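Peer 1: First the structure, which I've put down as structure tokens, then a few questions once you've had a look.
The values are calculated or read from the model by the stated rules, or taken from the named source; none is laboratory data. Since the model is a prediction, treat every value here as computed from it, not as a measurement. With ideal geometry, Cβ positions are generated from the backbone for all residues, glycine too; neighbour counts draw on all protein chains shown.
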């Protein structure tokens, strides 16, 4: 906890801070008054990934960072009414589309996807999809249509992992690529979302997406435990996490004993309401681990 004191000619105040709350006390008033501000925010966490050089020889993995901007540019062209766009339409959107270099250079380095030609005015470069790229785009849209229920399930799970079962749209849009959702999935809610989803207004004025309904959703860990006869699908059952230790790994007795006790704690699915749990409790820590299990 952090404690800060400061004073002026008119007032004296004291600030107590910890991870989730800010409490501001006024020391000059009688009785003592205070203001408590809840501080729960979304943060970007940057982690240093361990590099596995054996994967560098696999071209599909090596070039995978280029896939996201390539598909984004492909969608910009495919959604154009004429099926082609001038470079001026996307040249200033490189940051939004996650293009790591100049957009025109990126388009020119993939002639198998993007075909360049001179436009009707001012001799500006225009781009359209190659016949093979258009064919793949049609197949991609058909796959999204066939697996629409699976895409809805992924989005449902993401929202259910929040305390209030709702998320700001800007957060969802920031992770929809990693969920496998197409760029225009949230732009056509009448087509892509069922009745369990509803748009809401968040406290800060942002638009959000919420989930309605009382249908229980089981995690993969719970489903596997039911199949192995370790659980009957009930709530707060002591389901252990599967562990796959490296060969030759030995734990100290104290750590091994703590791990055994931790595994015996009740398991709370990431999709269940965990608002009643104390954030400092062992069960809450196991619930946090369940998000990655």
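Peer 1: Sort out which residues of the stretch 208-227 are farther than 18 Å from residue 164 by Cα and under 19 Å from the mean Cα position of the chain (by Cα), and write them in order of number.
Peer 2: Within the stretch 208-227, 219, 220 qualify.
Peer 1: Taking residue 207 as meeting all but one of (1) in the same structural domain as residue 170 (by TED's automatic domain parsing); (2) in contact (Cβ under 8 Å) with a residue 60 or more places away in the chain, write down the number of the exception.
Peer 2: Going through the list (1) in the same structural domain as residue 170 (by TED's automatic domain parsing); (2) in contact (Cβ under 8 Å) with a residue 60 or more places away in the chain, residue 207 breaks only (2).
Peer 1: Look at residue 256 and say whether it is loosely packed, with under 14 Cβ neighbours inside 10 Å and part of a loop (DSSP other than H, G, I, E, B).
Peer 2: Judged against the criteria, residue 256 is not a match.
Peer 1: Just need a number here: residues in the stretch 174-204 that are surrounded by 15 or more Cβ atoms within 10 Å (Cβ to Cβ) and within 18 Å of residue 97 (Cα to Cα).
Peer 2: Residues meeting the conditions: 7.
Peer 1: Mind counting the residues in the stretch 274-293 that are outside any helix (DSSP H, G or I) and without any contact (Cβ under 8 Å) to a residue 60 or more places away in the chain?
Peer 2: Count: 6.
Peer 1: Which of the residues that make up the stretch 192-208 are out of contact with any strand residue (DSSP E or B) (no Cβ under 7 Å at 6 or more places or on another chain) and in a loop (DSSP other than H, G, I, E, B)?
Peer 2: If we filter the stretch 192-208 for residues that are out of contact with any strand residue (DSSP E or B) (no Cβ under 7 Å at 6 or more places or on another chain), which is where we start, we get 192-195, 203-205.
193, 194, 195, 203, 204, 205 - these are the residues of the stretch 192-208 that are out of contact with any strand residue (DSSP E or B) (no Cβ under 7 Å at 6 or more places or on another chain) and in a loop (DSSP other than H, G, I, E, B).
Peer 1: Would you mind finding the one in 165, 152, 109 that is farther than 25 Å from residue 216 by Cα and either free of Cβ contacts under 8 Å to residues at least 40 places away in the same chain or not assigned by TED's automatic domain parsing to the domain that holds residue 88 (or both)?
Peer 2: Among 165, 152, 109, only 109 is farther than 25 Å from residue 216 by Cα and either free of Cβ contacts under 8 Å to residues at least 40 places away in the same chain or not assigned by TED's automatic domain parsing to the domain that holds residue 88 (or both).
Peer 1: Could you list, in sequence order, all residues of the stretch 107-121 that are touching a strand residue (DSSP E or B) at 6+ places or on another chain (Cβ under 9 Å) and either loosely packed, with under 13 Cβ neighbours inside 10 Å or not in a strand (DSSP E or B) (or both)? Full working, then the answer.
Peer 2: Going residue by residue through the stretch 107-121, those that are touching a strand residue (DSSP E or B) at 6+ places or on another chain (Cβ under 9 Å) are 107-108, 113-121.
Scanning the stretch 107-121 gives 107, 108, 113, 117, 118, 119, 120, 121.
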